[in-house]
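I have placed the structure first, in the form of structure tokens, so that the comments after it can refer back to it.
The values are calculated or read from the model by the stated rules, or taken from the named source; none is laboratory data. On a predicted model such as this, the values are computed, not experimentally measured, just so you know. Note that each Cβ is placed from the backbone with ideal geometry, even for glycine, and that neighbours are counted across all protein chains shown. Please note that ligands, DNA and RNA were not included when accessible areas were found on the heavy atoms of the full protein model with its side chains. Shrake-Rupley method; radii C 1.70, N 1.55, O 1.52, S 1.80 Å.
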Amino acid sequence: MPEPTVDDVLAELAALDDPKARAVNEKHGDDHGVNLSELRAVAKRLKTQQDLARELWATDDTAAKLLATLICRPKAFDRDELDAMLRTARTPKVHDWLVNYVVKKSPHAEDLRRKWFSDPDPVVASAGWALTTDRVATHPEDLDGLLDVIEEEMKDAPDRLQWAMNHCLAQIGIEHEGHRARAVEIGERLEVLKDYPTPPNCTSPFAPAWIAEMVRRRS
């Protein structure tokens, strides 16, 4: 059978769009209505198709961009291409999947982490912080310097950048006992996400609570 075209795939995604799911997703800033399990099933059937992934990413369709992250070959993108892709990943889910499923598997991840970390666009900077959070456990560098930046900037940072900084703060406290007290103190003083609604049996994103729970589990 012939390989599906980008128009074929867009038509399939349109048929899977559920208005109720779209309404829920839009509350979180994601303008698509495709169930993610169904999206993954499409990706599993298509398998890896780098050219198709690039065509899907070039559309303005959020579900198509999500699918592109699942069927692409991460190591096939060059540094500038990934940088350009991130700057067009404006919805939270697309941004998250691009960073986690593509950039983290790229040989350019560390170079991009350094490039994005202090970018003036807070959404781009949040990607740099997400990649830095991953390195906190495996390649910790200047943790006091990171805590200095978090202490000074997290309270007033835009939402997505603030979330990424907070995750980094929690990761430092979880992974590094010598920096735990300071990480907890910063979290308690800034009170970022302290009142975030957390479902029962889920861990609060409030850094002191998050740190305490993960340390408890490990012990």
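General observations
- Region 1-77, relative contact order [Cα under 8 Å, separation at least 6], %: 28
- Counting Lys and Arg as +1 and Asp and Glu as -1 over every other residue whose Cβ lies under 15 Å from the Cβ of SER219, the net charge comes to +1.
- Backbone N atoms of region 145-172 closer than 12 Å to the 7 Å Cα→Cβ label point of ARG218 belong to residues 170-172.
- Estimated distance in nm for a label pair at SER118 and ASN35, the labels positioned 7 Å out from Cα along Cα-to-Cβ: 4.8
- With respect to the chain, whose longest principal axis is taken over its alpha-carbon atoms, helix 122-138 is tilted by about 70°.
- Of all accessible heavy-atom area on region 164-205, the percent that carbon and sulfur account for (1.4 Å): 49
- Where labels lie 7 Å past Cα in the beta-carbon direction, separation of THR138 and ARG54 in nm: 2.7
- Computed in the context of the full set of protein chains, the accessible area of region 45-160 at 1.4 Å probe radius has 47% of its extent on carbon or sulfur.
- Coordinate range along principal axes, alpha carbons of region 86-219, Å, largest first: 37, 31, 28
- Per-q log10 I(q)/I(0), region 1-57, q = 0.14, 0.17, 0.21, 0.24 Å⁻¹ (Debye; single scatterer per alpha-carbon; no solvent): -0.42, -0.60, -0.86, -1.03
- On Cα atoms only, tilt of 177-190 relative to the major axis of the chain in degrees: 80
- Checking every one of the GluC sites (Glu not before Pro) in region 170-219 against DSSP loop status and a limit of 13 other Cβ atoms within 10 Å picks out GLU191.
- Within straight-line cross-link reach of LYS65, lysines at Cα separation under 16 Å, skipping those fewer than 8 residues along the same chain: LYS44, LYS47, LYS93
- Taking only the alpha carbons of region 1-135, we obtain Rg and Dmax values of 14.9, 48 Å in that order.
- Longest site-free stretch - the chain; sites: trypsin sites (Lys or Arg not before Pro), DSSP loop, at most 13 other Cβ within 10 Å: 91-219
- Positive-pole candidate from VAL99, MET154, PRO122, dipole of the chain, charges at beta carbon: VAL99
- Relative to the globular-protein estimate of 2.2 N^0.38 Å, the Cα radius of gyration of region 34-99 stands at 1.02.
- The chain: relative contact order as a whole-number percent, Cα under 8 Å and 6+ apart: 11
- Counting only alpha carbon atoms, the long axis of helix 159-175 and the longest principal axis of the chain meet at about 60°.
- Averaged per residue, region 62-192 has 44 square angstrom of accessible surface, using a 1.4 angstrom probe with ligands and nucleic acids left out.
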